[in-house]
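The values are calculated or read from the model by the stated rules, or taken from the named source; none is laboratory data. All values derive from a computational prediction rather than experimental measurement. Reconstructed Cβ throughout: ideal geometry from the backbone, glycine too, with neighbour counts over all protein chains shown. Each accessible area value is taken on the protein alone, full model and side chains, heavy atoms only, with ligands, DNA and RNA left out. Shrake-Rupley method; radii C 1.70, N 1.55, O 1.52, S 1.80 Å.
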Amino acid sequence: MVTPAGPRERGSRLARDRSVHDRAVNRRKITGVGSTLRFIPALLSAACAGREVNTGVPSILDARGPAADSIAFLWWIMLGLGALVLAIVGGLLIYIAVARRRQPAEVDEALIDEDRGRRWLWLGGVILPAILLPIVFFFNLDSLAALSHAARAPEVIVEVEGQRWWWEVRYPDEQIVTANEIHIPVGQRVELRLTSRDVIHSFWVPQLQGKIDMVPGETTTLWLQADEAGEYRGICAEFCGAQHARMQFVVVASAPEDFALWVAGQQEPAPEPADEITRRGQQVFLGSACVYCHTIRGTNATGDVGPDLTHLASRRTLAAGTLPNTRGHLAGWIVDPQHIKPGNLMPPTSLPAEDLIPLLEYLDTLD
Ligand code: CUA
């Protein structure tokens, strides 16, 4: 029986098609990685096991927290008042058009009557805005106050640093470092301390809060609260270079006890390799240039240029929401990250298959 392809199958087919195209281009460009690229289709076939990258557009009107509720409320107020003005002006235009058709002479006379014209100007140009704008201003002040200050002290503090083009996420109290994923407990106040390592980025989770700039050398703060468990897509909302559009993250809101479990898991150092192939993979990692940029806690790798990989396998995406975190995509990323996300700071790593496969096995254990 033939069934229509589900999103996951379509995704993996797209990924396969792309890999075919990629290989054709790369064969001409990069002969050094050619031998490894031949193994990618096989690895990609395992890619459907992973989670999808959420590419849906999050709406500010689909609010899931008190701050976003306040923004959505303001949006509806402004839409309502704008619609009221449109209805009044449109209604008057229609009225004049209909009346002029019935009694053209009288209406023309009224239209050129200067006193009546002036009265309408005062009414529509001064009195109506003088009533409506203070109403909008009042609601705006209310929202601004609600957005800028948390009503009570934060229960969790998270530091987020914008990078070229990904997000380093640190929990100073819990001593956790991760990337491109912010886990928070549902119903609790979270204080975000935001900064940037390079240029100005902008932090935005439309379903939870308004956006705020991340400025190099400065710390801006924002509070977040999610009222429902779920995954909320976040994006960079300030143009920051070639891969601005591929600078995404996810906020994972879960029940406080699940959040506590996640914290405990992330606090663990990386597990020791348990078999021959993962031992070999760890040697490949520690013996290559990876260690200059990445940290795996519990090993000698302590680089801080790229994301901390101690719990890489627990994360949903690679390269800040660019790819689902699957073995196939990880292989493609390690071998030729510049093709996937041109201009990012990770150089290609030309590894023969006998090194790449153990390396992937090892990275897979970092959950
Ligand atoms: Cu970072 Cu746009």
Ala245 neighbourhood, Cβ < 14 Å, K/R = +1, D/E = -1, net charge +3
Of every hundred units of 1.4 Å-probe accessible area on region 276-364, the number belonging to carbon and sulfur atoms, as a percent, is 56
Mean projected area (nm²) from the convex hull of Cα positions in region 153-254 is 5.7
Rounded to whole Å², per residue accessible area for region 131-174 with a 1.4 Å probe reads 54
Sorted by chain and then number, the residues having a modelled amide H within less than 5 Å of the amide H of Ile184, at least 5 places away or on another chain, are Val252, Ala253, Ser254
The answer for the net charge of residues other than Ile212 whose Cβ lies under 13 angstrom from its Cβ, with Lys and Arg +1 and Asp and Glu -1, is -2
Of 60-69, 84-93, 138-147, ordering from highest average Cβ density within 10 Å down gives 60-69, 138-147, 84-93
Expected sort for 254-266, 121-133 on mean C-beta neighbours within 10 Å, highest first, is 254-266, 121-133
Applied in sequence order to region 208-214, the curve 6.51 cos²θ - 1.76 cosθ + 1.60 (Karplus, θ = phi - 60°) yields integer Hz couplings, x standing for Gly and Pro, of 10, 7, x, 8, 8, 6, 10
Here, GluC sites (Glu not before Pro) of region 222-254 satisfying both criteria (DSSP loop; at most 12 other Cβ within 10 Å) are Glu228
For region 276-364, dividing by residue count, accessible area per residue (probe 1.4 Å) in Å² works out to 38
